[in-house]
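Before any comments, here is the structure.
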Amino acid sequence: MTILVTGGAGFIGSNFVLDWLADSGESVVNLDKLTYAGNLQNLASLTGDTRHVFVQGDIGDGVLLESLLAQHKPRAVVNFAAESHVDRSILGPGEFIQTNIVGTFNLLEAVRAYWGGLDADAKSAFRFLHVSTDEVYGSLSKTDPAFSETNRYEPNSPYSASKAASDHLVRAYHHTYGLPVLTTNCSNNYGPFHFPEKLIPLIIVNAQAGKPLPVYGDGQQIRDWLYVKDHCSAIRRVLEAGGLGETYNVGGWNEKPNLEIVHTVCALLDELRPRADGRPYKEQITYVTDRPGHDRRYAIDASRIERELGWTPAETFDTGIRKTVQWYLDNPDWVANVQSGGYRDWVSKQYGDSGDNTAEVASA
Ligand code: NAD
Ligand code: TYD
């Protein structure tokens, strides 16, 4: 048996692939376009593991998808592939529309055709799990209750609007065609392999480099934070036992203002890797112009997945953030390769320069 994972060279997708293969004997076909956010070094520990088949390609490429599905006959598809950074979506929304909306549509079309051709048993066992975000629900005031699955969609950024559109397409493919879909809407993740354009890794990396730690606006915007491996365990659980056509909110019960996050990371660095001059890292905090349309607060009510599927996070914020800071300190080569852009040469270094962007390469 095998599953098809899209976007499995990104932050959450690579953690998911690593945990999946550590947990089960079931192989993974990993389809990833390798945009700036895709980094095959995240999967370097799988070198030689024939259970992992990496394919460089686009979820929008229907011809490639048709042949991959026919060849590997996955029993499930887990869709992580997306443009994921809000600030990039503000500067240039086009790629977000293309991948998150058109790409998801093309993926759904290919999966619908494949699923329609399966025999009755395989058809009823098949699952399409779509990984989405809490940002589709919009922004909360300080006193609003946390987002539940019945909150209406009110996306505010091009990123969240494009994810909302993809969620609606997934829903429609279930309602109209009966495709056995599942959707998860998760809060902000943090952990290993997080690209240092996002808040937590950016703070860790900039602090050590002696650079400013940029805090948008007043730093009082609130996010809920979940350790990435807990998100991965939630996805595995939903894939295993989620109700068809249902959505599950996933969160860590860790609502924190951004400034508190930055102070926590600085304090951990003071303890684990003090500055040479002995001064605290928080002196590097710099307040910068706020993000346009910046959502003030996200909060997740994760009681449904806990109650119905028995999922709970294993990490508290204190344990997860300590592991995360330690991981960045222990992996300076990964950080240096991301910063230099060297990670982008990994495919040709590792697999030879085939020049064929749909080349399939087992991790051998
Ligand atoms: P990421 O940006 O780190 O990784 C995205 C991956 O998708 C990259 O490897 C990239 O190369 C690949 N990709 C992009 N466009 C593609 C395309 N057209 N075809 C194939 N592959 C493509 O993102 P992430 O943080 O790992 O997020 C993964 C998913 O989880 C996204 O759908 C995101 O919306 C969702 N999500 C993220 C968070 C978070 O905090 N990071 C929280 C909730 C939900
Ligand atoms: P980010 O990690 O980009 O995730 P998202 O926008 O999807 O929530 O940002 C998390 C929060 O941190 C968000 O409120 C924006 C803020 N932020 C900063 O204050 N400074 C920064 O340099 C970045 C990247 C984000």
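The values are calculated or read from the model by the stated rules, or taken from the named source; none is laboratory data. Every value quoted in this text rests on a predicted model; they were computed, and no experiment measured them. FYI the Cβ positions are ideal-geometry reconstructions off the backbone, even for glycines, and counts take in every protein chain you see. These area figures cover heavy atoms from the full protein model, side chains too; ligands, DNA and RNA do not enter into them. Shrake-Rupley method; radii C 1.70, N 1.55, O 1.52, S 1.80 Å.
At-a-glance table
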quantity: Segment 230-254, subset assigned to a helix (DSSP H, G or I) and of a type in the set (Gly, Ala, Ser), residue nearest to LEU18 (Cα to Cα); calculated: SER233
quantity: Identity of the residue in segment 189-222, touching a Lys or Arg at 6+ places or on another chain (Cβ under 9 Å) and more than 10 Å from ligand 2 (Cβ to nearest atom), that ends up nearest to GLY251 (Cα to Cα); calculated: GLY191
quantity: Leading residue by the ranking (farthest from ARG344 (Cα to Cα)) among those in segment 39-77 that are touching a Phe, Trp or Tyr at 6+ places or on another chain (Cβ under 6 Å) and of a type in the set (S, T, N, Q); calculated: ASN42
quantity: Some residue of segment 176-191 being open to solvent by less than 10 Å² (accessible area, probe 1.4 Å), part of a helix (DSSP H, G or I) and closer than 13 Å to HIS130 by Cα; calculated: no
quantity: Cβ-Cβ under 7 Å pairs, at least 6 apart or on other chains, segment 292-320 side of a type in the set (Gly, Ala, Ser) and in a helix (DSSP H, G or I), far side open to solvent by less than 30 Å² (accessible area, probe 1.4 Å) and at pLDDT 95 or above; calculated: GLY320/TYR190; GLY320/GLY191; GLY320/TYR227
quantity: Residue satisfying condition, being out of contact with any strand residue (DSSP E or B) (no Cβ under 8 Å at 6 or more places or on another chain) and either assigned to a loop (DSSP other than H, G, I, E, B) or not aromatic (Phe, Trp, Tyr) (or both), within set VAL136, VAL205; calculated: VAL205
quantity: Pairs, first over 29 Å from LEU40 (Cβ atoms) and of a type in the set (S, T, N, Q) in segment 194-220, second near ligand 2 (Cβ under 10 Å from one of its atoms) and part of a helix (DSSP H, G or I), C-beta under 9 Å, six or more apart; calculated: GLN220/ASN258; GLN220/LEU259
quantity: Matching residues in segment 74-101 - criterion: being open to solvent by less than 50 Å² (accessible area, probe 1.4 Å) and either closer than 23 Å to THR176 by Cα or aromatic (Phe, Trp, Tyr) (or both); calculated: PRO74, ALA76, VAL77, VAL78, ASN79, PHE80, PHE96, THR99, ASN100, ILE101
